[in-house]
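Asks: I'd like to ask you about the structure that follows.
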Amino acid sequence: MKVTIVGAGAVGATTADNLIRRNVAEELVLLDIKEGVAEGKAQDLAQSAALLGFESKILGVTNDYAATANSTVAVITSGIPRKPGMTREELIGTNAAIVKSVAENLLKYSPDIIFVVVSNPMDTMTYLALKATGVPRNRIIGMGGTLDSARFKYQLSLKLNASPADLNALVIGGHGDTTMIPLIKHATWNSVPVSQLLTEEEQAEIVQKTMVGGATLTALIGTSAWYAPGASSAAVVESIVRNQNKLFTASVYLNGEFGESDINLGVPVLINKHGWEKIIPLKLSTSEQEAFHKSAAAVRAMNQVLTE
Ligand code: NAI
């Protein structure tokens, strides 16, 4: 199977690194607009094969979409990342034009391709990719909730002194500092609700730290993060390529599910060789459902910028 990653920057290259280490793709193509960058990173990654023992063939190209032909999956990470103090939403002007042309170019060479959209503002970029390509909704997956859920588990693990792998916790809604909804009342530690183990104050603190998880890293590093984003993107790709049917929060096009339509928002779905399948219904409380509609309103306002 062939996987393409567009944008050989921090997140794109880290996604590639995660994929090759697990031999997820027989062929991996890195594509970037900056002359030489994808070629260089592809060679650098390929030179680790002797040490890591993987067999994936890696090719780096500058804007040559013919090289991506017959890809099963493409991860779109092209665009600009945020700097300290910026919101993900402020990236829309630059990234919308990039994501639209990238998605159209990929589709020309791989008509059955599944898109994993990472570029921010991710929910709006995913919606844009869907509208621009017209592919069935199950083939467009926005990666954001997977990362936010991993960050949520990290915060829970610190407070509970637990292994993140023993935690079940989901973040739904938009992939924005104020639009995401960490579902703390649904979170469990080996089947025990965490709300039984933590005070209301502790729960509120975890939710807050999760929501600003990305901004916290951007302030520390000076640009947005890449290790957990790359691991999250690779996990989604692996579930597609290996048909694992794993459950992730992904930004998908809603047709009435969770009471919303004509919008891409993070909800739990199964991810397999068809893309995403089966939105998993959740029993939301009144306040969680209200938060979901509020999140949708903010993302919808952002989507409207696309048509202005
Ligand atoms: P980066 O600046 O390191 O890499 C972006 C790459 O895209 C650069 O190499 C650039 O040359 C390339 N690029 C720009 N225009 C292109 C085009 N038209 N065609 C091909 N390549 C093009 O940025 P980084 O840190 O990798 O972030 C990438 C995007 O992912 C940003 O928009 C960032 O906000 C987003 N992001 C999303 C996350 C999520 O959970 N959804 C998590 C982390 C980052």
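Listed here are the residues, each with its yes/no results for (1) more than 14 Å from Gly145 (Cα to Cα); (2) among the hydrophobic types (A, V, I, L, M, F, W, C); (3) in a loop (DSSP other than H, G, I, E, B).
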| position | (1), (2), (3) |
| --- | --- |
| Ala235 | no, yes, no |
| Phe258 | yes, yes, no |
| Val267 | no, yes, no |
| Glu288 | yes, no, no |
| Ala298 | yes, yes, no |
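Asks: Taking the residues in region 40-58 that are small (Gly, Ala, Ser) and away from the ligand (no atom under 13 Å from the Cβ) as candidates, determine which candidate is surrounded by the most Cβ atoms within 10 Å (Cβ to Cβ).
Replies: The first filter runs over region 40-58 and keeps only residues small (Gly, Ala, Ser), leaving 40, 42, 46, 48-50, 53, 56.
Still in the running and away from the ligand (no atom under 13 Å from the Cβ): 46, 48-50, 53, 56.
Working: Ala46: 17, Ser48: 14, Ala49: 14, Ala50: 8, Gly53: 9, Ser56: 20.
That would be Ser56.
Asks: While we're here: If Gly79 satisfies every condition in (1) at negative phi; (2) touching a Ser or Thr at 6+ places or on another chain (Cβ under 7 Å) but one, which is the exception?
Replies: With respect to (1) at negative phi; (2) touching a Ser or Thr at 6+ places or on another chain (Cβ under 7 Å), Gly79 is out only on (1).
Asks: Related question: Just to be sure before I move on: is Ala74 over 21 Å from Ala301 (Cβ atoms), buried (at least 17 other Cβ atoms within 10 Å of the Cβ), more than 9 Å from the ligand (Cβ to nearest atom) and more than 19 Å from the chain's Cα centre (by Cα) in the structure I sent?
Replies: no
Asks: Filter region 269-286 down to residues that are surrounded by fewer than 20 Cβ atoms within 10 Å (Cβ to Cβ) and in a strand (DSSP E or B), then give me how many there are.
Replies: Count: 5.
Asks: Quick one: which residue in Ser163, Ser101 is among the polar types (S, T, N, Q) and within 16 Å of the ligand (Cβ to nearest atom)?
Replies: None of the other options fit; the residue is Ser101.
Asks: Looking only at region 282-297, decide whether some residue is without any contact (Cβ under 8 Å) to a residue 60 or more places away in the chain and under 17 Å from the mean Cα position of the chain (by Cα).
Replies: Within region 282-297 (the criterion being without any contact (Cβ under 8 Å) to a residue 60 or more places away in the chain and under 17 Å from the mean Cα position of the chain (by Cα)), the answer is no, since none of the residues qualifies.
Asks: For region 110-122, indicate whether the set of residues that are aliphatic (A, V, I, L, M), more than 10 Å from the ligand (Cβ to nearest atom) and either in a strand (DSSP E or B) or at negative phi (or both) is non-empty.
Replies: yes
Asks: Quick one: which residue in Val37, Val61, Val29 is within 11 Å of the ligand (Cβ to nearest atom) and under 18 Å from Lys2 (Cβ atoms)?
Replies: Working: Val37 fails: under 18 Å from Lys2 (Cβ atoms); Val29 fails: within 11 Å of the ligand (Cβ to nearest atom).
Val61 is the lone residue from the list that is within 11 Å of the ligand (Cβ to nearest atom) and under 18 Å from Lys2 (Cβ atoms).
Asks: Considering each of Thr94, Thr124 in turn, give the residue that is surrounded by 24 or more Cβ atoms within 10 Å (Cβ to Cβ), of a type in the set (Ser, Thr, Tyr) and either modelled with pLDDT under 95 or under 20 Å from Phe248 (Cα atoms) (or both).
Replies: Details: Thr94 fails: surrounded by 24 or more Cβ atoms within 10 Å (Cβ to Cβ).
Result of the check over Thr94, Thr124: Thr124.
The values are calculated or read from the model by the stated rules, or taken from the named source; none is laboratory data. Treat the numbers as computed from the prediction; the structure is a model and nothing was measured. All Cβ positions, even for glycine, are placed from backbone atoms using ideal geometry, and neighbour counts span all protein chains on display.
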